[in-house]
1. Out of (1) touching a residue at least 60 places away in the same chain (Cβ under 8 Å); (2) in a loop (DSSP other than H, G, I, E, B), the odd one out for Ser231 is which?
2. Among Ser259, Ser231, which is modelled with pLDDT of 95 or more, in contact with a Ser or Thr (Cβ under 6 Å, 6 or more places away or on another chain), more than 25 Å from Gly141 (Cβ to Cβ) and open to solvent by 40 Å² or more (accessible area, probe 1.4 Å)?
3. Out of curiosity, is Asp212 modelled with pLDDT of 95 or more, open to solvent by 30 Å² or more (accessible area, probe 1.4 Å) and closer than 19 Å to Ser91 by Cα?
4. Which of the following residues is charged (D, E, K, R), within 19 Å of Ala29 (Cβ to Cβ) and modelled with pLDDT of 95 or more: Asp144, Asp149, Asp190, Asp178?
5. Test Ala220 against the criterion of being over 30 Å from Lys22 (Cα atoms), at pLDDT 95 or above and touching a Ser or Thr at 6+ places or on another chain (Cβ under 6 Å), and give yes or no.
6. If you go through the stretch 72-93 one residue at a time, do you hit one that is of a type in the set (Lys, Arg), part of a loop (DSSP other than H, G, I, E, B) and surrounded by 16 or more Cβ atoms within 10 Å (Cβ to Cβ)?
7. Across the stretch 108-141, which residue is modelled with the lowest pLDDT among those that are surrounded by 12 or more Cβ atoms within 10 Å (Cβ to Cβ) and assigned to a helix (DSSP H, G or I)?
8. Take Leu171 and tell me if it is at negative phi, surrounded by 14 or more Cβ atoms within 10 Å (Cβ to Cβ), touching a strand residue (DSSP E or B) at 6+ places or on another chain (Cβ under 7 Å) and part of a helix (DSSP H, G or I).
Amino acid sequence: MNLIRLLSLVMVGTVAGCAAPKSGILVMAHGGDDAWNRDVEATVEPLRRHHPVEIAFGMARTSTLRDAVARLERRGVQRIAVVRMFISGESFVPETEYILGLRSELPPALHAPPAAAGADHCAEKPEPIPVKASLVVSRDGVADSPLLDEILLDRARALSTNPTQESVLILAHGPGDDAENERWLGNMRDRSRRLQEAGRFKAVRCETLREDWPEKRGPAEKRIRDFVQNSTEAGERVIVLPFRVAGFGPYREVLEGLSYTADDRGFCPHPNMTRWIEQTAEGCYAR
């Protein structure tokens, strides 16, 4: 074997030995009805041309995470970016890390089944699953991303007819903890600033419904309904935007009998949500 041939074989072997591990993306999403899930799947679909991608529906649900990880590993993925597609970066972090073997135990408060265990997507107790690939879990929530600013503006403009005579009400699920709720509202106001500046609407209001906490939801519903009622009586047209990954949530029931304009579109599907998934995965890989 001549020297050039020997050197070429050594170089090929060196490059092969240093090749980056095959990477994939696991998208965690709350999950909902068929329409909700289709909106998320439509957002993920463009990424499949360039990445192995799987979706695990549920609020850190053991079975869907286990199945999604297994599908990625069967495709030869050695490094997984776990993209948590939740509004708040604080949602389900301990459960996710525990299920994926990234922490040894759950905080004591999370050992009991969830209070809302009647919902199928959150009825499972977190249990560790076998994982061969390396994992990095995203830390930020959807609401942390400036990519939402354009989505809100697009959604409002699609429903608007005369911005100077219209008010926009942005509604989110909201958490139970008051301090965390203020962080939600702070993120919502940050994300709506471009809407306020570029949209030229008469008013933009952000509210959380505190959906799963009856003692907090009652006062929130009153504030929300009062805003819509007062705006309508002032001669304004009210546009309601859901600050949700997908769908319109329970807002039609909350606003029953009031005059407003809305559609059923959350953030998905939108090109910026596809970009958000990819950018978040890249941030995981960098870590």
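The values are calculated or read from the model by the stated rules, or taken from the named source; none is laboratory data. Please read all numbers here as calculations on a predicted model, not as lab measurements. Please note: Cβ atoms are built from the backbone with ideal geometry, for glycine as well, and neighbour counts cover all protein chains shown. All accessible areas refer to the heavy atoms of the entire protein, side chains included, with ligands and DNA or RNA removed. Shrake-Rupley method; radii C 1.70, N 1.55, O 1.52, S 1.80 Å.
1. The one condition Ser231 does not meet is (2).
2. It is Ser259.
3. Criteria met by Asp212.
4. Going through Asp144, Asp149, Asp190, Asp178 in turn, just one is charged (D, E, K, R), within 19 Å of Ala29 (Cβ to Cβ) and modelled with pLDDT of 95 or more: Asp144.
5. no
6. No, the stretch 72-93 contains no residue that is of a type in the set (Lys, Arg), part of a loop (DSSP other than H, G, I, E, B) and surrounded by 16 or more Cβ atoms within 10 Å (Cβ to Cβ).
7. Result: His121.
8. Taking the combined requirement at face value, the residue does not satisfy it.
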